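Below is one structure, written out as structure tokens; the observations come after it.
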Amino acid sequence: TPIFVMVGVTFLGVFLYDAIMMTVGKANTNVAVALCFLIVVGIIWAMYYWAGFSYRGYEIHIGALFGTAMAYNVWFRIWPAQKKIITATKNGSPVEPAWGAVAGLRSKHNTYMSIPLVWMMINVHTTWAARHWLILPGVILLGWWIASMCYRKAKKVPGF
């Protein structure tokens, strides 16, 4: 049953991520992201030590977790906020700043998750990364650091 539990976590973990972002993230996004990262590290550990996943197995499942979170962000947070903004603009109504804030934050999360996700999609065939389960969390942090460098260099859009 540990395998089934971890497969369930792969596809249902997005709801925990969303709940953390909607509660803790409202007060402090950095704390929420750190909490989510620690949960991902715990999931990787559980997949490896408790459920017996191989390197390839847990990397594919964490990639699926990230991909599911990214799709959720687009379908349930970014697009609905954009629709509200477009409708309000067309109707001449004021745009709630929270709509753009949620869409912008979740779009940023998707950018940060995309680099580790690409790694997970192309790296399942290597052997050097399979030496220790902590390599994947390190790659996730490296991907987030690279994305943060891109965000720092990108032009800023007023209001976002």
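Looking at 64, 71, 98, which is the one that is open to solvent by less than 50 Å² (accessible area, probe 1.4 Å), part of a helix (DSSP H, G or I) and without any contact (Cβ under 8 Å) to a residue 24 or more places away in the chain?
Details: 64 fails: without any contact (Cβ under 8 Å) to a residue 24 or more places away in the chain; 98 fails: open to solvent by less than 50 Å² (accessible area, probe 1.4 Å).
None of the others qualify; the one that does is 71.
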Practice problem: Would you point out the residue of region 1-24, among those that are open to solvent by less than 40 Å² (accessible area, probe 1.4 Å) and of a type outside the set (A, V, I, L, M, F, W, C), that is nearest to the chain's Cα centre (by Cα)? | Solution: 17
Quiz item: Is there a residue in region 114-127 that is touching a residue at least 40 places away in the same chain (Cβ under 8 Å), of a type outside the set (A, V, I, L, M, F, W, C) and crowded, with 18+ Cβ neighbours inside 10 Å?
Solution: yes
Practice problem: Residue by residue through region 41-61, note down the ones that are in a helix (DSSP H, G or I) and either open to solvent by 40 Å² or more (accessible area, probe 1.4 Å) or among the charged types (D, E, K, R) (or both). | Solution: 45, 48, 49, 50, 56, 59, 60, 61
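Report whether or not residue 84 is of a type in the set (D, E, K, R), under 21 Å from the mean Cα position of the chain (by Cα), more than 19 Å from residue 45 (Cβ to Cβ) and open to solvent by 70 Å² or more (accessible area, probe 1.4 Å). First the steps, then the outcome.
Details: of a type in the set (D, E, K, R): yes; under 21 Å from the mean Cα position of the chain (by Cα): no; more than 19 Å from residue 45 (Cβ to Cβ): yes; open to solvent by 70 Å² or more (accessible area, probe 1.4 Å): yes.
Answer is no for this residue.
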Quiz prompt | Positions within region 25-40 being crowded, with 17+ Cβ neighbours inside 10 Å and in contact with a Leu (Cβ under 9 Å, 6 or more places away or on another chain), in sequence order | solution = 25, 36, 40
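The values are calculated or read from the model by the stated rules, or taken from the named source; none is laboratory data. Model, not experiment: these values are computed from the prediction. Here the Cβ is made from the backbone with ideal geometry for all residues, glycine too, and neighbour counts use every protein chain on show. Heads up: the accessible areas ignore ligands, DNA and RNA and are worked out on the full protein's heavy atoms, side chains in. Shrake-Rupley method; radii C 1.70, N 1.55, O 1.52, S 1.80 Å.
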